[in-house]
Amino acid sequence: MGVRGSAVKRARERRKRVSIRRNVMNLSLPVLFSSLFQRLVAIVDIFLVGGLGAAAIAATGLGQLLVFVTMTVFWGLATGTTVVIAHLWGAGQRREARRAAFVACLACAAMTAVATLLGWGFGDDLAAFLGAKDDVLHLAAGYTRLVFLYLAFTTGLNILSAIMHGTGNTRTPMQAIILVNILHVAIAWPLVYGKLGLPALGVTGAAYAINASEAIGFLYLLVQALRLRYIRIGRPDPELFRRIWRVGWPVALERIAQQGGQLFYSKFIIGYGTAAYAAHQIGLSIESLSFMPGVGMGIAAATLMGQALGARKIRRARIGHREALRLAVLVMGTMAVIFIVLPGQLMGLFTHDPAVIEKGIVFLRLVAFAQVPLALSFVYAGSLRGTGDTFYVFLVTLASMWGIRVFLSWVTAEWLHLSLYAVWFVFVIDWYARATAFWWRYRQRDLHAVII
């Protein structure tokens, strides 16, 4: 009787793991594709302007970097929104979740107005501070101003996707970003090179294409959010905003630390010349395709963790984390092999400049060794955010980005005057340190004591 009971229990556990694994896949795959296609908007711009030369590539990459820096606060708001809504949704408090979604939308609108004014007024100064040469600065100015002018569509897509992720609906945001990509390619190519009777606007044409496509994607998500009743319009609840921001503000600081450090890191790369920065930008675009699975699994881990803890299902939360981690390592480990074996072919898809390709090959082979720690970092950090432990994630990011990447890059480039490749290797050291710190914290975390 005891043996039979044990067998039944094991069979039940296997079914539970399979169910959770399927849930992880159902959540993470749409997020994976959403993240992939969202990143493709930026990658397509780099790809399209590649025919205009290294200065155009560097200018577009610099403009994108400034927008990413601006989005740091919005990513904090989005993470807080996802986690709080996931907890409320998992606890069956759907009305409160819808009210939280409305509060998040209002906060996003107010923050966007401020960011648009600052980006429009100071974007050029920041590009100059980073050391961009005159040819790059001239091209970056028009691109950056246009993207900031219509920033509301970018932030709107971000917050509506975060709301839906919290409810467990990851498919609708995926549909929206696929729509954005299709429209972006259809609009960008003729505007950049003057096809189909349209003027050849170069780098500026790429910015127009981003604005138009994201506007349509935002409207699609807004209609779907209202139709599916994810948002309840009414009087704003300050307490719900405080709950969102209590989770979100460390994420905002984390992103500021990350992107601010990335700015200084880019400044060191620019110091090695336009070809070096162009190779860096193309390499990042290619490498971003590999960490999209990690991003997807991280968001899935945060959502599953939040919903499971909201329902007080601790074992389910732990199993969901393990399944997300397993899938992320498998996919990103595969991508590492591709970067080692086919770096030249990948670089050749974006540029024919031999100097850029030569440097980019080394970059891709170096970052191949960071793929597994990247996978670990994304999933462990996602699970920690799902528990509300966002302040620790911020502290690790701050210490690793500034204490390791920026500091060691300064020592390598400015003090020791080593090669560009040594500066790139610092990137790998950074991610190994983060993976270790996040792993340790998750092992120490008592999920039974989590309250958001």
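Structure summary
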read-out	value
Rounded FRET efficiency, nearest 0.05, which uses the C-beta distance separating L289 from K195 and R0 of 25 Å	0.45
Label selected from [x] 19.8; [y] 22.6; [z] 25.9, the criterion being mean projected area of the Cα convex hull in nm² as computed here	[y]
Check: the chain dipole with +1 on Lys, Arg Cβ and -1 on Asp, Glu Cβ, in debye	3180 debye
Calculated FRET efficiency for the pair R95/H417, C-beta based, R₀ 60 Å, to 0.05	0.45
Charge dipole magnitude, Cβ of K and R +1, D and E -1 - the range 360-452, Cα centre, debye nearest 20	180 debye
Extension gain (nm, one decimal) between W440 and A186, 0.36 nm per residue minus Cα-Cα	86.8 nm
Helix-only mean residue ellipticity at 222 nm for the chain, each DSSP H run of n ≥ 4 adding -39500 (n - 2.57), per residue, nearest 500	-29000 deg cm²/dmol
Relative contact order (%) - criterion: Cα under 8 Å, at least six apart; region: the chain	23 percent
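Readers should treat all values here as calculations from the given coordinates under stated rules, not as data from a laboratory. Fair warning: this is a prediction, and the values are worked out from it, not measured in the lab. Don't worry about glycine lacking a Cβ; one is built from the backbone with ideal geometry, like all the others, and counts go over all protein chains shown.
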